1. Report yes if some residue within region 116-127 is out of contact with any His (no Cβ under 8 Å at 6 or more places or on another chain), closer than 20 Å to residue 20 by Cβ and aliphatic (A, V, I, L, M); otherwise report no.
2. I'd like the residue in region 38-52 that is in a loop (DSSP other than H, G, I, E, B) and of a type in the set (A, V, I, L, M, F, W, C) and, out of all such residues, is surrounded by the most Cβ atoms within 10 Å (Cβ to Cβ).
3. Taking region 66-80 only, how many residues are assigned to a loop (DSSP other than H, G, I, E, B) and more than 13 Å from residue 55 (Cα to Cα)?
4. Collect the residues in region 15-37 that are in a loop (DSSP other than H, G, I, E, B) and modelled with pLDDT of 85 or more, keeping them in residue-number order.
5. Of all residues in region 1-14, how many are over 23 Å from residue 142 (Cα atoms) and in a strand (DSSP E or B)?
6. Which numbered condition trips up residue 40, out of (1) under 15 Å from residue 129 (Cβ atoms); (2) at pLDDT 90 or above; (3) more than 14 Å from the chain's Cα centre (by Cα)?
7. Being free of Cβ contacts under 8 Å to residues at least 40 places away in the same chain, closer than 27 Å to residue 133 by Cα and either part of a loop (DSSP other than H, G, I, E, B) or of a type in the set (Asp, Glu) (or both) is true for just one of 63, 104. Which residue is that?
8. Inside region 81-97, can you point out the residues that are surrounded by fewer than 19 Cβ atoms within 10 Å (Cβ to Cβ), touching a strand residue (DSSP E or B) at 6+ places or on another chain (Cβ under 8 Å) and modelled with pLDDT of 85 or more?
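The values are calculated or read from the model by the stated rules, or taken from the named source; none is laboratory data. On a predicted model such as this, the values are computed, not experimentally measured, just so you know. For neighbour counting, all protein chains shown are included, and Cβ atoms are generated from backbone atoms with ideal geometry for every residue, glycine included.
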Amino acid sequence: MLECELKRYAAYFRGWCQAFGEHESIEVDEKGSYWLLAENQVGLVLPKALIKPLNREVLLHEEIPSLTFSDQGVQIGALRFPFPSDHEKKALNAIEHLIETGPEFHMFLTSHLLYGSGSKIITFSSKKPLSIIYKEIGTMHIRLL
């Protein structure tokens, strides 16, 4: 098991975000879930139906829940996103590599034209996001099982 604290960021203005950039994509299911793999970051595109429950789980609690990645899926607090296929192993390996090689680990929202204007990408990166767009809002405990 690998554990660390990641730094969380929010945009100064609602809807602002930097572009994810060039990447390899792994389609998780036909509902619109994708993993995006790049040199210094890994992104998770979730279907729009999961964004509100995710926001409720993270924003409406006094204490920030832990984030856990495993072969079965992603869990944040009581909310669980199962992995329907074996393709996610490559994404989990990429996240593990980022945690092990970087002195810091960061999480913020990005976007990309390929995934539609309403889609937001939960981005995990070994590099800080652009400080002109984002401010640090806290930390979150992350586990990789």
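1. Within region 116-127 (the criterion being out of contact with any His (no Cβ under 8 Å at 6 or more places or on another chain), closer than 20 Å to residue 20 by Cβ and aliphatic (A, V, I, L, M)), the answer is yes, since at least one residue qualifies.
2. In the first step, residues of region 38-52 are kept if they are in a loop (DSSP other than H, G, I, E, B); the result is 38-40, 46-47.
Keeping just the survivors that are of a type in the set (A, V, I, L, M, F, W, C) gives 38, 46.
Working: 38: 15, 46: 20.
Filtering region 38-52 for residues that are in a loop (DSSP other than H, G, I, E, B) and of a type in the set (A, V, I, L, M, F, W, C), the one surrounded by the most Cβ atoms within 10 Å (Cβ to Cβ) comes out as 46.
3. Keep residues of region 66-80 that are assigned to a loop (DSSP other than H, G, I, E, B), which gives 66, 71-72, 77-78.
Pick out the ones that are also more than 13 Å from residue 55 (Cα to Cα) and you get 66, 71-72.
Final tally of qualifying residues: 3.
4. So in region 15-37, the residues in a loop (DSSP other than H, G, I, E, B) come out as 15-17, 20-23, 30-32.
Within region 15-37, 16, 17, 20, 21, 22, 23 qualify.
5. Residues of region 1-14 over 23 Å from residue 142 (Cα atoms): 12-14.
Imposing the further condition that a residue be in a strand (DSSP E or B) reduces the set to none.
Result for region 1-14: 0.
6. Evaluating residue 40 over (1) under 15 Å from residue 129 (Cβ atoms); (2) at pLDDT 90 or above; (3) more than 14 Å from the chain's Cα centre (by Cα) leaves (3) as the failure.
7. Working: 104 fails: free of Cβ contacts under 8 Å to residues at least 40 places away in the same chain.
Among 63, 104, only 63 is free of Cβ contacts under 8 Å to residues at least 40 places away in the same chain, closer than 27 Å to residue 133 by Cα and either part of a loop (DSSP other than H, G, I, E, B) or of a type in the set (Asp, Glu) (or both).
8. Of everything in region 81-97, those that are surrounded by fewer than 19 Cβ atoms within 10 Å (Cβ to Cβ), touching a strand residue (DSSP E or B) at 6+ places or on another chain (Cβ under 8 Å) and modelled with pLDDT of 85 or more turn out to be 90, 92, 96.
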